[in-house]
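Just below is one structure, and these are the notes that go with it.
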Amino acid sequence: MLMETVARWFLDLYETTGINLTIVYDAYDRQRFLSGLGMTIYLAVVCILISIAIGAVGAWAQGSPLRVVRGLVNGFVVIFRNTPPLVQIFFFYFGLGQILPRIEDADGMRVPILTNVQWAIVSLSLFAGAFNVEIFRSGLEAVPRTTTEAAQALGYTRLGVYRHVLLPLALRICLPALNNNLVNLLKTTTLAYAIAVPETLYVSKQIWTDSQNVPVMMIVLLIVYTLLVGILVFIMHRWEKALAIPGYGQGSGR
Amino acid sequence: MSAPPPRRLEPSEAGAPLAVLLPFRPPPPAAFAWPRLRLVHLVGIAGLVLVVGGAAHAQASGARLSALEVIWRWLPLLMWGFGFNILMSVLSMALGTAAGLGLGLLQIGENRLLRRVAWAATQFFRNSPWLVLLFFAMFMIPFQFTVFGHTMPLPDWVKAVIGFSLPVMANMSEIVRGAVASLPSGQWEAAESLAFSRRQTMWRIILPQCVKRMLPPWMNLYSLITMATVQASIVGVSEMLTLTSQVHAAEGGRPDLLAPLYGFAMLCFFLYCYPIERFTLYLERRFQLNQ
């Protein structure tokens, strides 16, 4: 009942002012748009989690005594930071996706190992992960050496020092930079559009192609992404507050 | 009261003056180290493996051209596309820097209303995805406009340049605001006591000092915008990525060619952006020493 009233009002709005918000009064468009929004959130959340894991593991591997491991991590970081993310996505999806062998699905069809959504997750996570490695490294460098030495004196192993002492401290130091990069990652999910992942931008384009309401959808898109970024920043700030140790870091112990 | 007896000097320091008595010499700034070849080698090897791997794959399946030969044959076209990317990045950077400087100065200006508006615009454009802003520019800017009776067409790539300059503008605005805020307020007070007007203070005292602080993040931004220009291929501007897929189609659309071709595009951008990143790091380190 309420939905109908709202839909009628927006239909009226269209007839009187020309502001055509099909995503509100048209059930099909609304469904499309919401699923696109869901895909964007799904991509963002999964990529954020994987990229943080990559960052943490990569920063640990950068402190490895083995030169080969250090060189490999450095190479990974440098390559992914200095090449366009869109070309990375194309390289993975078109380049590697074509070379990798195909598997048979339940119906006996030969399908690629990874779908376009999965390739988008892989390449976006690697892209953001490369930045996260650098961010975690700067956080690790800011932890005083004496802390590491104290932990070693208490008998922690190298992994133990990292997991229980260094990483928790480094994470708190680098949260602002991490925050920045994760916002960037959220914005970069739009590039999945290029390999036809049905995320917000992709479905919006379908909607404005069908309904000829480009300017309206454009404004909606910009507002939606601003809101999404706002929510992410809000969550990160809450997390930052929750993690703060009294007396450690800038003005956090209040 | 008699002075306490002088501390006995250690034998090692008996001859030399105490370190604190020596005149202070700042450590010399480290010279700019050209990128060491190790990492570049790694990329080169990775690229070679891809290209050679593609070549081996191709040769195994008949008398078709290897990936390396294909890239070599189309090199002029691909390089032309890459040059177009660079051109777009330079133009949008120039446009965005000029607009961002204005917006940044409004953000720290004296008019409250303008300050609010400039802040809102900066946040809005900074938090929107670049691709959405690109779409925004492509669809919202007319394909031609009329000035004094002359109709001027606006080609797609010009609209793309404007689209890229929007996020540059917003980020530049934040860079300007941050740099001005990072100067000690004594600079403002000293200028005021010397009877400089606000405008004079800004242009003759504050901004010249800010240039040094703004340069590293500005170069970072340039590197980002260069890498973003490939997104123009999504909205139909014929740049390197578009040409790459056209080359792929012209060679018969062989799937094994895609990885080497896109790998080559990555290599081009890497060779352009990596030195910029190193130089930025060097500048950051150098300016930190002098502060």
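What to note about this one:
- When the stretch B:104-135 is filtered for residues that are within 19 Å of the chain's Cα centre (by Cα) and either of a type in the set (D, E, K, R) or more than 14 Å from every other protein chain (Cβ to nearest Cβ) (or both), the ones remaining, listed by number, are B:G104, B:R126.
- Filtered residues of the stretch B:62-84 (kept if in contact (Cβ under 8 Å) with a residue 24 or more places away in the chain and either of a type in the set (F, W, Y) or farther than 15 Å from B:Y262 by Cα (or both)): B:R64, B:L65, B:W74, B:W80, B:F82, B:F84
- Only residues that are surrounded by fewer than 24 Cβ atoms within 10 Å (Cβ to Cβ) and closer than 23 Å to B:V161 by Cβ were counted in the stretch B:240-265, giving 4.
- Helices (runs of 4 or more DSSP H) within the stretch A:1-117 that include 2 or more residues within 30 Å of A:L166 (Cβ to Cβ): A:27-62, A:67-81, A:85-90
- If the condition is being surrounded by 19 or more Cβ atoms within 10 Å (Cβ to Cβ), under 25 Å from A:N116 (Cα atoms) and more than 7 Å from every other protein chain (Cβ to nearest Cβ), then the stretch A:189-216 contributes A:T189, A:A192, A:I195, A:V197, A:E199, A:T200, A:Y202, A:V203, A:S204, A:I207, A:W208.
- For the stretch A:41-90, a tally of residues being under 23 Å from A:A194 (Cα atoms) and of a type in the set (A, V, I, L, M) returns 12.
- The single condition among (1) of a type outside the set (S, T, N, Q); (2) touching a Pro at 6+ places or on another chain (Cβ under 8 Å); (3) without any contact (Cβ under 8 Å) to a residue 24 or more places away in the chain that A:L124 does not meet is (3).
- For beta carbons closer than 6 Å, sequence separation of 6+ or different chains, a first residue in the stretch B:262-291 that is over 21 Å from B:N85 (Cα atoms) and a second that is among the basic types (K, R) and part of a helix (DSSP H, G or I), the qualifying pairs are B:F287/B:K212.
- Residue within the stretch B:213-221 that is within 14 Å of another protein chain (Cβ to nearest Cβ) and touching a Phe, Trp or Tyr at 6+ places or on another chain (Cβ under 8 Å) present: yes
- Residue check for A:S64: hydroxyl-bearing (S, T, Y), within 29 Å of B:P275 (Cβ to Cβ) and touching a Phe, Trp or Tyr at 6+ places or on another chain (Cβ under 8 Å): no
- The helices (runs of 4 or more DSSP H) found wholly in the stretch B:146-244 and carrying at least 3 residues that are under 24 Å from B:A120 (Cα atoms) and either modelled with pLDDT of 90 or more or charged (D, E, K, R) (or both) occupy B:156-182, B:207-228.
- Residues located in the stretch A:173-182, provided they are buried (at least 19 other Cβ atoms within 10 Å of the Cβ) and either away from chain B (no Cβ under 13 Å) or more than 17 Å from A:A120 (Cβ to Cβ) (or both): A:I173, A:C174, A:L175, A:L178, A:N181
- Residue pairs meeting the criteria (Cβ under 6 Å; at least 6 apart or on separate chains; first more than 18 Å from B:M227 (Cβ to Cβ), in the stretch B:119-138; second outside any helix (DSSP H, G or I)): B:M138/B:V235
- Tallying residues that are more than 8 Å from chain A (Cβ to nearest Cβ) and either closer than 14 Å to B:M79 by Cα or out of contact with any Ser or Thr (no Cβ under 8 Å at 6 or more places or on another chain) (or both) within the stretch B:268-281 yields 7.
The values are calculated or read from the model by the stated rules, or taken from the named source; none is laboratory data. All of these numbers come straight from a predicted model, not from anything done at the bench. Neighbour counts are summed over all protein chains in view; Cβ atoms, including those assigned to glycine, are modelled from backbone coordinates with ideal geometry.
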